[in-house]
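Q: One structure, pasted below without further comment.
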Amino acid sequence: MPASLTKLLNTSRKYSMWVYQWGLACCAIEMGAAFASPRYDVMRLGVIPFPSSPRQADFVVISGTVTDKMAPAIVRLYQQMPDPKYVISMGSCANCGGPYWDSYSVTKGVDQLIPVDVYVPGCPPRPEALLEGILLLQEKIQNEDIGARWRGDPIVVS
Amino acid sequence: MSSAEGTDAPAEADASTDEPEQEAPPRDERREALLESVQAELGDAVVGSHIRPGDDLWVRVTNESWVAAGEAVKHKLGCTYFDFLSVIDWLPSPYGKGEDDPSAPPEDPSPDKGAIKQGYTGGDTRFQMLARLTDLRRHVSVTLKADVPDTLSMPTWVHVFAGANWHEREAHEMFGIGFDGHPDLRHIYLPGEFEGYPMRKDFPLLSRMVKPWPGIVDVEPMPGVEDEADDAAEASA
């Protein structure tokens, strides 16, 4: 695929990202502030937080404590999303288990279940931190070789 | 309700049915009246009680009369609001506390190391049931307690308070207590294949067995603390 066409495609994709919100704990409050408040106005970044199902979403924000009981639902959510799909892990709990790292019920990071593209650290992260994570995800999408992705080759991020 | 509060008063002294601490100046007539009516209804079934004046009332009953106590307190004494039902495991944790190394034995200098010390109203067993009932008209609550026998089986309260259903399911999965007559004793929170009873004190935190608590490496003094120490060192020098 010509490089200029790839660039056009990637620019289009990164400014039209429908995000599915998977709020599991207190991080969801910060995610709600980032996505639903005029103060942070996430739609100026081309992120649209209104998909009615994971089947219409381009990426998902896993924000909060992932428990072993929630794990099958998250795997199913990820499988329902259409390719190309991305995951942002928001907060210490979703990154690694966080303060509940040694609990009998908490999964030690959502990356044990599904591949994660961007980790946002914090407990909980500020909305600005989530916005920076979204900018990093957009940068990753901009640099993707979408032709390779469609051929099934490994994704090249330059 | 914690074990630390419970060890303040000797358990044996609290186990008597009449309250020796009621001679103390602060009196709580509402809770004393409720305790008297509980004793009048249940008679010998009451094996212990404790009043914190102006605060709370505990009544321990025999495990045979657990259902009868619930019915009497609900229907005859007007405590119709079922607050919660749960279980206490009084076993001292063999894994220490907090951020201790879980493989090291807990530091307990007391002579009765490892002994089980029940809290208010005393007790004879490692596990104790407790249930809190409230009289919404008189605004007074009572915490009923009972020893769980070694068979780890208690009669169910579902036909007394329908709301006890889920509480007993939680007590069943977290502590491994059986409830005779419960209609649907399945896991309520844990995944179906979960093994063990995580709220028991001897349930191991496997993560800490494999790896020390990673948060402990981040301990650093607060900015002001270090400055004061430096200032003191300079002043003395």
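Q: Every residue in segment A:132-152 that is open to solvent by 20 Å² or more (accessible area, probe 1.4 Å) and assigned to a helix (DSSP H, G or I), please.
A: Result: A:E132, A:L135, A:L136, A:E139, A:K140, A:Q142, A:R149, A:W150, A:R151.
Q: Regarding segment B:159-182, can at least one residue be identified that is open to solvent by 20 Å² or more (accessible area, probe 1.4 Å), more than 14 Å from chain A (Cβ to nearest Cβ) and among the aromatic types (F, W, Y)?
A: Among the residues of segment B:159-182, at least one is open to solvent by 20 Å² or more (accessible area, probe 1.4 Å), more than 14 Å from chain A (Cβ to nearest Cβ) and among the aromatic types (F, W, Y), which makes the answer yes.
Q: Okay, next question. Tell me whether segment A:143-156 contains one or more residues that are aliphatic (A, V, I, L, M), modelled with pLDDT of 90 or more and touching a helix residue (DSSP H, G or I) at 6+ places or on another chain (Cβ under 9 Å).
A: Within segment A:143-156 (the criterion being aliphatic (A, V, I, L, M), modelled with pLDDT of 90 or more and touching a helix residue (DSSP H, G or I) at 6+ places or on another chain (Cβ under 9 Å)), the answer is no, since none of the residues qualifies.
Q: So, one more: Looking at this structure, is B:L205 surrounded by fewer than 19 Cβ atoms within 10 Å (Cβ to Cβ), in contact with an Asp or Glu (Cβ under 6 Å, 6 or more places away or on another chain) and within 11 Å of chain A (Cβ to nearest Cβ)?
A: Yes.
Q: Pick from A:P125, A:P115: which is in a loop (DSSP other than H, G, I, E, B), surrounded by 15 or more Cβ atoms within 10 Å (Cβ to Cβ), away from every other protein chain (no Cβ under 14 Å) and of a type outside the set (V, I, T)?
A: Within the list A:P125, A:P115, the selection yields A:P125.
Q: Collect the residues in segment A:73-112 that are buried (at least 18 other Cβ atoms within 10 Å of the Cβ), of a type outside the set (A, V, I, L, M), within 14 Å of another protein chain (Cβ to nearest Cβ) and not in a loop (DSSP other than H, G, I, E, B), keeping them in residue-number order.
A: A:S92, A:C93, A:N95, A:C96, A:G98, A:Y100
Q: Over 25 Å from A:K140 (Cβ atoms), among the charged types (D, E, K, R) and modelled with pLDDT of 90 or more: does that describe A:R76?
A: For A:R76, the condition - over 25 Å from A:K140 (Cβ atoms), among the charged types (D, E, K, R) and modelled with pLDDT of 90 or more - is not met.
The values are calculated or read from the model by the stated rules, or taken from the named source; none is laboratory data. In this text, all values refer to a predicted model and were calculated from it rather than measured experimentally. Note that each Cβ is placed from the backbone with ideal geometry, even for glycine, and that neighbours are counted across all protein chains shown. Side chains included, ligands, DNA and RNA excluded: accessible areas come from the protein's heavy atoms. Shrake-Rupley method; radii C 1.70, N 1.55, O 1.52, S 1.80 Å.
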